[in-house]
Amino acid sequence: MLILTCPCCGVTAEETEFHGGGEAHLKRFGPGSSDEDFHDYLFSKVNPKGVHLERWRHNYGCGKWFHAARDTVTLEVYGTYPAQTTEPPQDIRDAITAKRPGWSWREFS
Amino acid sequence: MSTRLANGGRFLDRARALEFRFNGKRLTGYEGDTLASALLANDQMLVGRSFKYHRPRGIVASGAEEPNALVGMGEGGRFEPNQRTTTTELFDGLTCASQNHWPSLDFDVGAINTKLGRFLPAGFYYKMFIHPRPFWKHVYEPFIRKSAGLGKAPTERDVDTYEHFYAHVDVLVVGGGVAGLLAARSAGQSGATVLLIEQTPQWGGRAPVDGGAVDGKPVDKFVEEVTAELDAMPNVTMRSRTMGAGVYDHGYALGYERVADHRPGAAGPRHRLWRIRAGRIITATGAIERPLSFAGNDIPGVMLASAVRDFAVNYGVSVGDRTVVVTNNDDAYRTAIILKEQGLDVPVILDARVLPQDSALMAEAKALGIRVMMGHAISSVKGGKRVTGVEICSQAGEGAVLETVDCDAVAMSGGWSPVVHLWSHCGGKLTWDEAQACFRPDVDNPPTGADGEGFVIPAGAANGALRLGDVLADAHAAGAAAARAMGAERKTSDAPQAEAQDEAPMAPVWMMPNGAGYKKRAKAWLDYQNDVKVSDVRLAAQEGYQSVEHAKRYTTLGMATDQGKLSNINGLAILSDALNQPIPQTGTTTFRPPYTPISLASIAGEARAERFQPLRRTPMYDWHAEHGAYWEPVGQWRRPYCYRKPGESIEDAVQREVKATRESLGLLDASTLGKLMVKGPDAGKFLDMLYTNMMSSLKPGRCRYGLMCNENGFLIDDGVVARIDEDTFLCHTTTGGAESIHGHMEEWLQTEWWDWDVYVANLTEQYAQIGLVGPKAREVLAALTASDVSAEALPFMAWTDITLGGMQARIYRISFSGELSYEIAVKASEGRALWDLLLATGDAHGVTPYGTEALHIMRAEKGFIMIGDETDGTVIPQDLGLNWAISKKKEDYLGKRAQARSHMTDPNRWKLVGLETTDGSTLPDGAYISAEGENANGQRNVQGRVTSTYHSPTLGKGIAMALVLHGPDRMGEVVEVPHIGGKITKAKIVDPVFFDKDGEKQNV
């Protein structure tokens, strides 16, 4: 059971207080998009061994969504950051690089 | 025979005799006994039958690793199967019974299986019961299930209580032996908060049995002092009878405290589940002795050497009068020496090793006059329900018998395996220790926490430090290191020094004798509990099960409660040998929590019966309860399904409620419906994205029915939206959807359209809402207010704020029944007052409160869909003929793109229609509409299914809604609906609106 810190209210809490929401930084495809783009948006999620950027919601706390940069193998949490962004902020990227030089996730590295 | 010794038994209080019953036989023991030691003291060596072959089985171990001596404990509401006698404390009045035999323990019909042993090898069931296919379900499976499983499940409700307990500490120390005590001490001295847990009632582990001295004092004296020291430290908490059950992510651990197992019926919980979050976890879990694999090693009387020693020293019990010791290491000599000192006979020590010179322990044994045979082994054990002797051979050969020695017990030792379970639970890696022939924690690859640092530190024997001196140094350092990692760095006392005898190195012995043939291998047990023998593992390897995980599942080696405690290393070694590869290359199976089984009730804790989940009550709940409400759970709410008058059936009540509402006036508690306030300059734009239809064009003062889909296009919720003002909408959701739709809105606002100026609040519980429904509704409403509620002033799908009987009320003129209908919302605190007022005022019209079933029937009569009936997560609005509620003007809404995917636009999707039975009967819910022919699995083809079905009191016949292939194009066609059991009802496809098609009743 993980421990996460909500970047919105600052509370560090048990995983049972949160709810996982899958891959972060999804780009929405709507009407007019190709079948392939829409299919990938809905169904093709990455499930990496190592660095992963995920969505979480502080369900039984402030109710806010946020993102976590986490390692799926070591369970290390590199950091959490607000969901209102289209890419991981520099300090989070630096924190990952410090532990996992040369990492990459989707188009980010 | 096994018996109580005149002296000894450091755990016993011989002044306190206890009575207990085993298989109905009245026996006695002492305070401090385990059930196992008390049984042995009464010469009850035979305690159960094995799983597959029903072989007689005796006690093998003295602790948590015991595989055989499992019994059904207690009676009635306190009965529990598979309780381990070696970890069960004896108490006065204990009742237990052995398992897995019929008709009796001494004479078991199932034992015929052991004669068939040759025909029941590994994988037997897989190979044998495959053909013919249909036999599996009806013949093989019921038979196998009957003969499988050890204990019987309890039949009565558990009368005890259980609880969870949360603990947050710097350092959790698991294990209260000398290693755990010392680790806790140095961590505590450093200033860390420490929780020390031990699974048995005693502190000190097995060091006091094994002997030696610490800082010049006997070990038990040292244990006493350290325990007292820890007890006095305010930052250290100690809990005995508490097992470390599992280690999980980020320093989470479970402790299982058996609070009252030894005093049933005492006040308080029986078990307490400790939910621990620790900065560092020290696993001082000790080591478990391995059996040796020789023919007949499962005959009652063959026991681990350490267990023989424990029973003698701790419980004053001799396992046998003449005990042969067989070993590959020095430690077992301690057993021989103790037995000899107790005045018991040790005819011979068979030591598989060949050593250049005697070690100190060997010399001590010889000095006591014990015969020692180096390089010798057991060829086979003689006896049936009890050992009668051993046949001796050379370890090097194939087992030619050199000599037969009479004895009634065999003490075996194959070396020691560190208990690495907790280290491994969360991913700690293992390394092979060649010298001690065991896996121990690879301290460079620990499980890691949130900060990326290792959070588990093994200590003492659990870390492969098997000699007392090494244990002390390792544990002392582990405690200090754990505390330091948590920022506690006060100075500690020095590590204590041990005085212990030097020991000669052990020699791995995986098969005894080395060249044992098939007949011997087929009688050499690896896993007593699951009846896995050396021959089975070899067969698995021969048949291609090379992965240890596959071999485990094929043979069942190490499954069930064993979890690799006794069988693991021996099994791996045999598998490695068969595969001709080194043991580390074979690796181990995965260690999974819990370490030993924990009660399901402890996991449930207090969450049972009324406390299982919260119960949500509307403001009118008490009235419902007082007036015959038959409850229906809806999410966490309880709603009246109907109100039963005295002597009335549920069906009759429902029919009465529908009729009264249609004919005059009904009253519905609609407070549970979700009410979400959506507010802000972008609220209209936001709702246009959430609903399939246009909400931004709705005028203030008006209501509109809307459908909500998810991004996959499937219908997830529906309800009426009221526009309060330019910036404010009140969205009604289904009862079950209030929280999830609120979450759905928040998710899109926070993660996709975070720049939109919209706020959502869930007001569901702020308002009580009452449906005033029926032809007389307006009359009653008008009588209670000065405001104009005429059809002109308050038309269908409008809302208004008025004063009603002195209460501020919001009236929505909407209808889910097809009747003239008002939903009246007041502050939740005034809900009951409004309910009472409407009842009083409506009395003249025979006002009839109705429940959810009448609501369902009336909506179905009108062809209105219900989320969860007509939808199931795979249905889109287009399937339900709701195209009128889907905007064609909007460029985008959630689900629009998905609804354009090829499968969604397939003309063969089942579509909503009504069904009318030709004989007036009511169709079964969820029934399929059959089609011609059969599918590839030989099942009848289907062309639709019933989604809602009721007897309509209004129409006096059965009506149903259904999704049917090309349904809307097949009006008037008669289809067949098979029931379970084969009966078929014919039904005609009709329009789903059964009643008042033109809406004349609601538009008055």
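The values are calculated or read from the model by the stated rules, or taken from the named source; none is laboratory data. Treat the numbers as computed from the prediction; the structure is a model and nothing was measured. Backbone-built Cβ (ideal geometry, glycine too); neighbour counts: all protein chains shown.
Kindly indicate whether B:VAL760 is more than 14 Å from chain A (Cβ to nearest Cβ) and at pLDDT 95 or above. Judged against the criteria, B:VAL760 is not a match. Would segment B:659-676 turn up any residue that is surrounded by fewer than 22 Cβ atoms within 10 Å (Cβ to Cβ), without any contact (Cβ under 8 Å) to a residue 12 or more places away in the chain and either assigned by TED's automatic domain parsing to the domain that holds B:PRO877 or not basic (Lys, Arg) (or both)? No, the conditions are met nowhere in segment B:659-676. For B:CYS703, the conditions (1) hydrophobic (A, V, I, L, M, F, W, C); (2) more than 20 Å from B:ASP801 (Cα to Cα); (3) away from chain A (no Cβ under 14 Å); (4) not in a loop (DSSP other than H, G, I, E, B) are fulfilled apart from (2).
Can you tell which of B:LEU526, B:LEU566, B:LEU539, B:LEU572 is touching a Pro at 6+ places or on another chain (Cβ under 6 Å) and at pLDDT 90 or above?
On the way: B:LEU526 fails: touching a Pro at 6+ places or on another chain (Cβ under 6 Å); B:LEU566 fails: at pLDDT 90 or above; B:LEU572 fails: touching a Pro at 6+ places or on another chain (Cβ under 6 Å).
None of the others qualify; the one that does is B:LEU539.
Within segment B:537-555, being in contact (Cβ under 8 Å) with a residue 40 or more places away in the chain and among the polar types (S, T, N, Q) holds for one residue alone: B:THR555. Among the residues of segment B:874-896, is there at least one that is acidic (Asp, Glu), in contact (Cβ under 8 Å) with a residue 40 or more places away in the chain, closer than 23 Å to B:GLY926 by Cα and surrounded by fewer than 19 Cβ atoms within 10 Å (Cβ to Cβ)? Within segment B:874-896, not a single residue is acidic (Asp, Glu), in contact (Cβ under 8 Å) with a residue 40 or more places away in the chain, closer than 23 Å to B:GLY926 by Cα and surrounded by fewer than 19 Cβ atoms within 10 Å (Cβ to Cβ).
Results for (1) assigned by TED's automatic domain parsing to the domain that holds B:TRP748; (2) out of contact with any Phe, Trp or Tyr (no Cβ under 9 Å at 6 or more places or on another chain); (3) at pLDDT 95 or above, shown as yes or no for each residue.
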position	(1), (2), (3)
B:LEU880	yes, yes, yes
B:LYS896	no, yes, yes
B:ARG901	no, no, yes
B:SER921	no, yes, yes
B:ALA927	no, yes, yes
B:ASN937	no, yes, no
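A count restricted to segment A:23-78 and to residues that are hydrophobic (A, V, I, L, M, F, W, C) and more than 10 Å from every other protein chain (Cβ to nearest Cβ) stands at 7.
Is it the case, given these coordinates, that B:PHE729 is surrounded by 18 or more Cβ atoms within 10 Å (Cβ to Cβ) and under 34 Å from the mean Cα position of the chain (by Cα)? Let's see the steps before the verdict.
Numbers: surrounded by 18 or more Cβ atoms within 10 Å (Cβ to Cβ): yes; under 34 Å from the mean Cα position of the chain (by Cα): no.
The answer is no for B:PHE729.
Residues that are part of a helix (DSSP H, G or I) and of a type in the set (Gly, Ala, Ser) do occur in segment B:822-830, at least one of them. Among residues of segment A:86-109 being without any contact (Cβ under 8 Å) to a residue 40 or more places away in the chain and within 11 Å of chain B (Cβ to nearest Cβ), the one that is farthest from A:GLU14 (Cα to Cα) is A:ALA98. So is B:ASP215 assigned by TED's automatic domain parsing to the domain that holds B:LEU181, under 37 Å from the mean Cα position of the chain (by Cα) and among the acidic types (Asp, Glu) or not? It is false that B:ASP215 is assigned by TED's automatic domain parsing to the domain that holds B:LEU181, under 37 Å from the mean Cα position of the chain (by Cα) and among the acidic types (Asp, Glu).
Out of all the residues in segment B:417-463, which are in a helix (DSSP H, G or I) and not small (Gly, Ala, Ser)?
Here is the first cut: in segment B:417-463, the ones in a helix (DSSP H, G or I) are B:421-425, B:460-463.
Hits for segment B:417-463 are B:HIS421, B:LEU422, B:TRP423, B:HIS425, B:ASN463.
Of all residues in segment B:1-39, those being among the hydrophobic types (A, V, I, L, M, F, W, C), part of a loop (DSSP other than H, G, I, E, B) and out of contact with any Pro (no Cβ under 9 Å at 6 or more places or on another chain) number 4. For segment B:472-494, check the following and say yes or no: at least one residue is within 14 Å of chain A (Cβ to nearest Cβ), touching a residue at least 12 places away in the same chain (Cβ under 8 Å) and either part of a loop (DSSP other than H, G, I, E, B) or among the aliphatic types (A, V, I, L, M) (or both). No, segment B:472-494 contains no residue that is within 14 Å of chain A (Cβ to nearest Cβ), touching a residue at least 12 places away in the same chain (Cβ under 8 Å) and either part of a loop (DSSP other than H, G, I, E, B) or among the aliphatic types (A, V, I, L, M) (or both).
Exactly one residue among B:GLY389, B:GLY399, B:GLY343, B:GLY369 is in contact with a Cys (Cβ under 7 Å, 6 or more places away or on another chain), away from chain A (no Cβ under 14 Å) and part of a loop (DSSP other than H, G, I, E, B), and that residue is B:GLY399. Criterion first (away from every other protein chain (no Cβ under 12 Å), touching a residue at least 12 places away in the same chain (Cβ under 8 Å) and part of a loop (DSSP other than H, G, I, E, B)) does A:CYS9 satisfy it? Answer is yes for this residue.
Go through the residues of segment B:330-337 one by one and say whether even a single one is of a type in the set (Gly, Ala, Ser), surrounded by 18 or more Cβ atoms within 10 Å (Cβ to Cβ), out of contact with any Gly (no Cβ under 9 Å at 6 or more places or on another chain) and within 24 Å of B:ILE59 (Cβ to Cβ).
The initial filter retains those residues of segment B:330-337 that are of a type in the set (Gly, Ala, Ser), namely B:332, B:336.
From the residues that got through so far, the ones that are surrounded by 18 or more Cβ atoms within 10 Å (Cβ to Cβ) too are B:332, B:336.
Filter once more, keeping what is out of contact with any Gly (no Cβ under 9 Å at 6 or more places or on another chain): B:332, B:336.
Subset that is within 24 Å of B:ILE59 (Cβ to Cβ): B:332, B:336.
Checked against the condition, which is being of a type in the set (Gly, Ala, Ser), surrounded by 18 or more Cβ atoms within 10 Å (Cβ to Cβ), out of contact with any Gly (no Cβ under 9 Å at 6 or more places or on another chain) and within 24 Å of B:ILE59 (Cβ to Cβ), segment B:330-337 yields at least one hit.
Once segment A:68-97 is narrowed to residues that are of a type in the set (S, T, N, Q) and farther than 22 Å from B:GLY427 by Cα, the residue that is farthest from the chain's Cα centre (by Cα) is A:THR97. Is it true that B:THR200 is of a type in the set (S, T, N, Q) and either out of contact with any Asp or Glu (no Cβ under 7 Å at 6 or more places or on another chain) or surrounded by fewer than 18 Cβ atoms within 10 Å (Cβ to Cβ) (or both)? In short, yes.
For segment B:723-757, residues that are within 14 Å of another protein chain (Cβ to nearest Cβ), aromatic (Phe, Trp, Tyr) and in contact (Cβ under 8 Å) with a residue 12 or more places away in the chain total 3.
Annotation note: of B:VAL942, B:VAL975, B:VAL993, the sole residue that is part of a strand (DSSP E or B), surrounded by fewer than 18 Cβ atoms within 10 Å (Cβ to Cβ), away from every other protein chain (no Cβ under 14 Å) and not small (Gly, Ala, Ser) is B:VAL942. Taken over segment B:231-282, the criterion of being more than 14 Å from chain A (Cβ to nearest Cβ), in contact with a His (Cβ under 7 Å, 6 or more places away or on another chain) and in a strand (DSSP E or B) is satisfied by B:TYR256, B:GLU257, B:ARG258.
Restricting attention to segment B:789-830, the residues being in contact with a Cys (Cβ under 7 Å, 6 or more places away or on another chain) and aromatic (Phe, Trp, Tyr) number 2.
Take segment B:897-910 and flag every residue that is in a helix (DSSP H, G or I) and surrounded by 17 or more Cβ atoms within 10 Å (Cβ to Cβ). Can you show your working first?
At the first step, the residues of segment B:897-910 found to be in a helix (DSSP H, G or I) are B:898-900.
Listed by number, the residues that qualify are B:ALA898, B:GLN899.
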